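Since every read-out is calculated from the coordinates, none of them should be taken as a lab result. As the structure is a prediction and not an experimental result, all values here were calculated from the model. Note that we place each Cβ from the backbone using ideal geometry, even for glycine, and neighbour counts take in every protein chain shown.
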Amino acid sequence: MDNLKQDDDYLKTLTVLFVEDDGDTREQLGMFLQRRVGALATADSGSSGLEAFRANRPHMVVTDIQMPGMDGLTMAQEIRKLDPAMPIIVTTAFEQTDYLLRSIDIGVDKYVIKPIDVGKLGAAMLQTARNLQAEEVAKRVSILAHQSSKLEALGAMAGGMAHDFNNILQVVLGSVEYALLCAVPDAEIRSTLERAQAGCRRAVTLGRTLLKLASGKSFFDSRAPLAPLVCESVSAVLGDTCVAVVYDLPGTLPTVAYNSGEVGMVFAQVAANARNAMPSGGTLLISGGRCVLSGTDALALPDGEYLHLSFKDTGMGISPEDLPKIFDPYWSTQEMGPQKGLGLGLTLCYSVIKRHGGLIVASSEAGCGAMFHIYLPVAV
């Protein structure tokens, strides 16, 4: 029963396209579908159904076969050219072999005979929704495995080079600082040496970042609700900017165990990303609450209770092509430069949260802002 409810709840998040040329059938079944799905788009022919598909990009298509002009199977073929994985359920009053063969040829997911038993149609849609959710989970696991393998490779590289890097840097920085001590206060060379000193100090920051990535462990120095640390870290980054911060952090937030320096850095980095996404100003909404995750959730985390924090900005958002890459080392949608960070900010965030037994993920629609979700296990 629990699995059935989860499938039903997931179905209510999906957009479904229903194509049927008979007005009465379209109205009757449309009312049934509207109660079962998140959003419903309808069309009265194959050609208008194809237009509706392009306009709505649904998660699932339910279509009659026998329609004037472009029939349902021809429409299904055209849809599959646009999205080869689109789930399609066909309904028809005919059980003719040629329709069945064409349906098999196209790879139709389900075949429901008219007069339609809404129970059978609902069961077909639930099974299709279950398949979609399984694909979503598999995709999420694949992305997380990809991120983990990159972090492991980066950590191995960082551990091997950080020690030598810092030794070499110490010689350079020490020489620059000695030269500064010897330079005449108003000499032209002094400004050049000061720029070199600033560059060395940025390199020190990079060295420390590499060491953190290589460490693989976090020392937990705090065990408390995170709201005060969130506010302190975000205010330090956005306090003097034109970004408005709205907090929705109830006093009932659960306790978590964490390293205050590392987790504070994560919150500051996510706030900095929001600032960069809204150069002309905007709003960052920070929300928090307790959630229970199970194996059916599209997150590769053990079952249990978690603190869920979300950071939602009103910037331009992240394109679907860029979204899977945002935690990759040195990948950025921003032009790189001294004020844009070292290209390891979100990678380090991912590493820190992972070491805390949690997960950081992002969701976005281009033009509609971005949302970062942080999950941390509730302290037992």
Most packed first (mean Cβ within 10 Å per residue), the peptides 57-66, 232-241, 176-185 order as 57-66, 232-241, 176-185
To make sure I understand, if each residue's beta carbon is the centre and we count other beta carbons within 10 Å, what order do 67, 31 fall in, fewest to most? 31, 67
If 47, 351, 175 are placed from fewest to most neighbouring beta carbons inside 10 Å, the sequence is 175, 47, 351
Two-site label geometry, residue 319 and residue 177: point separation in nm, points 7 Å out along Cα→Cβ: 4.5 nm
How high is the FRET efficiency between residue 235 and residue 287 when r is their beta carbon distance and R₀ equals 22 Å, given to the nearest 0.05? 0.85
Listed here are the pairs 12/120; 12/110; 12/354; 12/81; which of them are more than 24 Å apart at the Cα? 12/354; 12/81
Rank the residues 301, 82, 284 as a footprinting-exposure proxy: fewest other Cβ atoms within 10 Å of their Cβ go first. 82, 301, 284
Label model pair residue 201, residue 136: point-to-point distance (7 angstrom along the Cα→beta-carbon line) in nm is 4.7 nm
How high is the relative contact order of segment 222-377, in percent, with contacts defined as C-alpha pairs under 8 Å that are six or more residues apart? 23 percent
For labels at residue 378 and residue 280 in the simple 7 Å Cα→Cβ model, what's the distance in nm? 4.3 nm
In segment 253-301, if every C-alpha pair distance is counted and binned at 5 Å from zero, what percent goes to each bin? 4, 14, 14, 20, 21, 16, 8, 2, 0
